[in-house]
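The values are calculated or read from the model by the stated rules, or taken from the named source; none is laboratory data. For clarity, every value in this text was computed on a predicted model and none was experimentally measured. Because the Cβ atoms are built from the backbone with ideal geometry, glycine has one as well, and the counts that use them run over all protein chains shown.
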Amino acid sequence: MIDTVVRWLLTTGVPIALVVLFAVLAGRAIRSLARRISRRLAASDDAAVRSENVKHRQTLASVVSSVAITLLYAGASLEVADRLGLPIGSLVAPAAVLGGALGFGAQRIVGDLLSGFFVITEKQYGFGDLVELTISSGGTATGTVESVTLRVTTLRTAEGEVYTVPNGTIVKALNLSKDWARAVIDIPLPAAADIAAVNEVLRDVSAAAMRRDALADLLLDEPQLMGVESIQVDTINVRMVARTLPGKQFEVGRELRALVVPALRREGIATTA
């Protein structure tokens, strides 16, 4: 009895353990390599924000690593089954029948994989992008892309919460950080305000913004004054817009508002709530 156990361990048990150990170590190595490649790509980009090519390559590294790990584990499972003497060939027909039965339930997974494939190949968004995803249920998910696989997209919100969105449920993707973004600043003013004086102040603010290091590095060109955007009974709204680096529109908007309010007050022009 003992001889049989020892023989089984030497001829079957140990090889199976080595296969499992190899699969686990190789999976960890692939994940580590993918993370290293992602960090190296990010470090090689000298721009203030990641370029589109870098974000796409980081996404591809994540997808390739997940596919490689899946194939690795599938191969290891087949090897273990073969070592155990399971009739893999005879399981093909039952597996096909089972696969057909499960196919109806796996439609969503197939849809997720196809949607993820097109998200990646069409470069709709990538690692580090700020996006707003409209879900088929009617809700939205907004956050920074932390990972994209063929099946799911993972977002982290500004509050630190994490969304995991199946790609097949995404009906619309709004990329807020692709190539460039636009900060829109609406300034509410009393209806009696002197528009000419307001415009002069805002032009001075636009010029001053380009001289501030905190803003000059984020702006692609000088902010533009669009003029009166809307008129209400007792207020008017004057709009400024500024082209910014991807994902920096909110920071630029805050900085510009911090310049606009005191500049108007110095000229005796009050804003309305």
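For the range 132-151, the tally of residues that are in a strand (DSSP E or B), surrounded by 17 or more Cβ atoms within 10 Å (Cβ to Cβ) and at pLDDT below 90 stands at 5. In the list ARG243, ARG203, ARG211, which residue meets the criterion of being surrounded by 15 or more Cβ atoms within 10 Å (Cβ to Cβ), among the charged types (D, E, K, R) and not in a helix (DSSP H, G or I)? Among ARG243, ARG203, ARG211, only ARG243 is surrounded by 15 or more Cβ atoms within 10 Å (Cβ to Cβ), among the charged types (D, E, K, R) and not in a helix (DSSP H, G or I). Scanning the range 256-273 for residues that are out of contact with any strand residue (DSSP E or B) (no Cβ under 9 Å at 6 or more places or on another chain) and part of a helix (DSSP H, G or I) returns ALA258, LEU259, PRO262, ALA263, ARG265, ARG266. The selection criterion, being in contact (Cβ under 8 Å) with a residue 60 or more places away in the chain and either loosely packed, with under 14 Cβ neighbours inside 10 Å or not polar (S, T, N, Q) (or both), holds for ASP179. There is no residue in the range 198-209 that is touching a Lys or Arg at 6+ places or on another chain (Cβ under 9 Å), among the acidic types (Asp, Glu) and over 30 Å from GLY126 (Cα atoms). Annotation: of all residues in the range 143-175 being touching a residue at least 60 places away in the same chain (Cβ under 8 Å) and more than 10 Å from the chain's Cα centre (by Cα), the one that is farthest from ARG35 (Cα to Cα) is GLY168. Considering only residues that are in contact with a Leu (Cβ under 6 Å, 6 or more places away or on another chain) and touching a residue at least 40 places away in the same chain (Cβ under 8 Å), look in the range 214-237 and name the one that is surrounded by the most Cβ atoms within 10 Å (Cβ to Cβ). Going through the qualifying residues, I end up with LEU218. Within the range 25-34, not a single residue is at negative phi, at pLDDT below 65 and in a helix (DSSP H, G or I). Which residue is modelled with the highest pLDDT, if the candidates are limited to the range 46-93 and must be small (Gly, Ala, Ser), surrounded by fewer than 11 Cβ atoms within 10 Å (Cβ to Cβ) and in a helix (DSSP H, G or I)? Filtering first and then ranking leaves GLY89. Among the residues of the range 163-173, those that are surrounded by 14 or more Cβ atoms within 10 Å (Cβ to Cβ) and either assigned to a strand (DSSP E or B) or not hydroxyl-bearing (Ser, Thr, Tyr) (or both) comprise TYR163, VAL165, PRO166, ASN167, GLY168, ILE170, ALA173. Under the condition of being within 30 Å of the chain's Cα centre (by Cα) and either among the charged types (D, E, K, R) or closer than 16 Å to ARG266 by Cα (or both), the residues counted in the range 213-232 number 4.
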